[in-house]
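Working notes for the structure below.
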Amino acid sequence: MRIGDAEIRPLGGGLGCLLMILASLALSVLATVFFNLVLR
């Protein structure tokens with residue numbers, strides 16, 4: 001991925017990038033469920 005003149009490479013290549021995206025999605029879902037349970 002290029003931003004201006006800088007080249008940004010995710011750790012582990014494409015697989016690492018995909019794992020990071022999946023991990024962030026899972027964490028956001030877990031956080032939402034957790035807060036919904038706490039705020040009841």
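What follows draws every value from the coordinates through simple rules; no lab data is involved. Fair warning: this is a prediction, and the values are worked out from it, not measured in the lab.
What the table shows:
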{"item": "Cα-derived Rg to Rh of the chain, Kirkwood definition", "result": "1.27"}
{"item": "Whole-Hz ³J(HN,Hα) from phi, Karplus 6.51 cos²θ - 1.76 cosθ + 1.60, for segment 26-40, glycine and proline x", "result": "5, 5, 5, 5, 4, 5, 5, 4, 4, 5, 5, 5, 5, 7, 5"}
